[in-house]
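Structure record follows, encoded as structure tokens.
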Amino acid sequence: MKYRILTNEELQHLEEDLKQFLIVNGIHAEEWAKMNQQTPEKAVQLVEVFSDTVLQKVYEKLNYLEFRSADSCILFHCLPEKMELISLQRKDQNCDLSSVESIHEALQNHVSNLNFFKSEKPYTANRETAIHELIESGCVVSSSEFWNVLKHVLEGK
């Protein structure tokens, strides 16, 4: 496997896509049921291939990720050849960077209590593998709007 197997909940949401994937691979409902009974390891292998295919497509479309904690907020801009990063770190306990509201509050009223850092680096693996690793380590999907706000604040410093 390249990434991970989708959870049962994710597979339920993608049930029709999984059916189409199986049909494209020459497996119809009766054959799928038989495979699950007689050779479950082969069925799992097909779900692994489906999972990798779905995640590859999702990762190809992702451009922004973020990681938040009380101490820091890190945004990633995933470009084709490199990843850019903007990091906010709190200097003292008066700031909380774990929610959108608290980050907004810190940027509005406590910007002097924040350290800003910007960096970029080329991918060591391929882009989608780097995105997968960030998501597995706790990052969530972010937006260009949030990136641009932080970029603007950083440029104003």
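A few notes on this one:
- Among the residues listed as LYS61, LYS2, the single one being under 23 Å from PRO122 (Cα atoms) and without any contact (Cβ under 8 Å) to a residue 60 or more places away in the chain: LYS61
- Segment 75-89 - residue that is in contact (Cβ under 8 Å) with a residue 40 or more places away in the chain, in a strand (DSSP E or B) and in contact with a Lys or Arg (Cβ under 8 Å, 6 or more places away or on another chain) and, of those, surrounded by the most Cβ atoms within 10 Å (Cβ to Cβ): ILE86
- Residues in segment 105-132 that are surrounded by fewer than 16 Cβ atoms within 10 Å (Cβ to Cβ), assigned to a helix (DSSP H, G or I) and more than 22 Å from the chain's Cα centre (by Cα): GLU105, GLN108, ASN109, VAL111, SER112, ASN113.
- Per the conditions (1) modelled with pLDDT under 90; (2) out of contact with any Leu (no Cβ under 7 Å at 6 or more places or on another chain); (3) not in a loop (DSSP other than H, G, I, E, B), the sole criterion not satisfied by ASP92 is (3).
- Annotation note: Cβ proximity below 9 Å between a residue of segment 110-126 that is of a type outside the set (Gly, Ala, Ser) and a residue that is surrounded by fewer than 11 Cβ atoms within 10 Å (Cβ to Cβ) and at pLDDT 90 or above (sequence gap 6+ or interchain) occurs for PRO122/GLU81; TYR123/GLU81.
- Within segment 58-73, restricting attention to residues that are assigned to a strand (DSSP E or B) and modelled with pLDDT under 95, the residue that is surrounded by the most Cβ atoms within 10 Å (Cβ to Cβ) is CYS73.
The values are calculated or read from the model by the stated rules, or taken from the named source; none is laboratory data. All values reported here derive from a predicted model rather than from experimental measurement. So basically every Cβ, Gly included, is an ideal-geometry build from the backbone, and we count neighbours across all protein chains shown.
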